[in-house]
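Reviewing the structure listed below.
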Amino acid sequence: MADVLAALQYASHKLPVFPVHGVDEDGNCTCGSECSSPAKHPRTPNGLKDASTDTKVINEWWEKWPDSNIGLPTGSVSNWFVIDVDLKSGGLESWADLQDQYSSASDTLVSKTGGGGNHYVYQLNGHDIKNSANQLGQGIDIRSEGGYVVVSPSIHASQERYEWLGDLSDIKPVPDWVIEKLSTPEETEPS
């Protein structure tokens, strides 16, 4: 599982964290039930709203729940905007199309998720962007204000680790083309 040292490392970068459930040796969520979000849902009463950079609080959480994964809120609290490209929903194909259109698509910090997809992490820099699903393409979710992501070295329900493909200093500002695409209303079929 992700350990307290990793959680404290994020906090040292002024990135608030909170504990989320992990997986046991059989691949079951530590919540003990057949949940819909194994190894990804919060352990604290207020979830991402409890996120903290306070070392005392973080140490207490991981002492109480040493098998926790690490959740990191997105949006203004962390200045993180994340494009979540999901392997199983066609996200890789959608992302490849976006990379063909916009050469800067992958020019930022990337996390390989335990599920085989990728998180592309950008600086939000004051933009008012909400969470959404499939707005940039099938299998691509947006994690921003009010959302969170699970971060390295957490372990996914697949038993694979989340892994950074770079350094936290590699995070670039969210590209203009992303802001434009997310602020343009989707076209609907006439009725």
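A few comments on the model shown:
- Meets criteria (farther than 25 Å from Ile140 by Cα, aromatic (Phe, Trp, Tyr) and touching a strand residue (DSSP E or B) at 6+ places or on another chain (Cβ under 6 Å)) for Trp95: no
- Enumeration of residues in the stretch 8-35 that are farther than 23 Å from Thr55 by Cα and within 17 Å of the chain's Cα centre (by Cα): none
- Selected residue (criterion: surrounded by the fewest Cβ atoms within 10 Å (Cβ to Cβ)) from residues of the stretch 101-119 that are assigned to a strand (DSSP E or B) and not aliphatic (A, V, I, L, M): Lys112
- The set of residues in the stretch 142-176 that are more than 14 Å from the chain's Cα centre (by Cα) and assigned to a strand (DSSP E or B) comprises Lys172, Pro173.
- Residues satisfying the stated conditions in the stretch 8-37, i.e. part of a loop (DSSP other than H, G, I, E, B) and hydroxyl-bearing (Ser, Thr, Tyr): Thr30, Ser33, Ser36, Ser37
- Only one of the numbered conditions (1) outside any loop (DSSP other than H, G, I, E, B); (2) closer than 26 Å to Gly22 by Cβ is violated by Lys181, and that is (2).
- Annotation note: of Gly27, Gly32, Gly47, the sole residue that is open to solvent by 40 Å² or more (accessible area, probe 1.4 Å) and not acidic (Asp, Glu) is Gly32.
- Which numbered condition Tyr122 fails, given (1) part of a strand (DSSP E or B); (2) of a type outside the set (D, E, K, R); (3) over 17 Å from the mean Cα position of the chain (by Cα): (3)
- Sole exception among (1) closer than 24 Å to Gly139 by Cα; (2) open to solvent by less than 40 Å² (accessible area, probe 1.4 Å); (3) touching a Gly at 6+ places or on another chain (Cβ under 7 Å) for Pro42, by number: (2)
- Residue that is modelled with the lowest pLDDT [pool: residues in the stretch 118-159 that are farther than 16 Å from Pro173 by Cβ and in contact with a Pro (Cβ under 6 Å, 6 or more places away or on another chain)]: Ala157
- Matching residues in the stretch 86-116 - criterion: being in contact with a helix residue (DSSP H, G or I) (Cβ under 6 Å, 6 or more places away or on another chain) and modelled with pLDDT of 90 or more: Leu109
- Flag for Ile171 being open to solvent by less than 60 Å² (accessible area, probe 1.4 Å), more than 24 Å from Ser37 (Cβ to Cβ) and among the β-branched types (Val, Ile, Thr): yes
- The set of residues in the stretch 71-100 that are open to solvent by 20 Å² or more (accessible area, probe 1.4 Å) and in contact (Cβ under 8 Å) with a residue 60 or more places away in the chain comprises Ser76, Val77, Asp84.
- Odd one out for Val57 among (1) surrounded by fewer than 22 Cβ atoms within 10 Å (Cβ to Cβ); (2) of a type in the set (A, V, I, L, M); (3) touching a Gly at 6+ places or on another chain (Cβ under 6 Å): (3)
- Single match in Ser152, Ser158 (criterion: within 27 Å of Pro38 (Cα to Cα), touching a residue at least 60 places away in the same chain (Cβ under 8 Å) and surrounded by fewer than 17 Cβ atoms within 10 Å (Cβ to Cβ)): Ser158
The values are calculated or read from the model by the stated rules, or taken from the named source; none is laboratory data. Source: prediction; values computed, not measured. Cβ: placed from backbone, ideal geometry, glycine included. Neighbour counts: every protein chain shown. Only protein heavy atoms, including side chains, enter the accessible area calculation; ligands, DNA and RNA are left aside. Shrake-Rupley method; radii C 1.70, N 1.55, O 1.52, S 1.80 Å.
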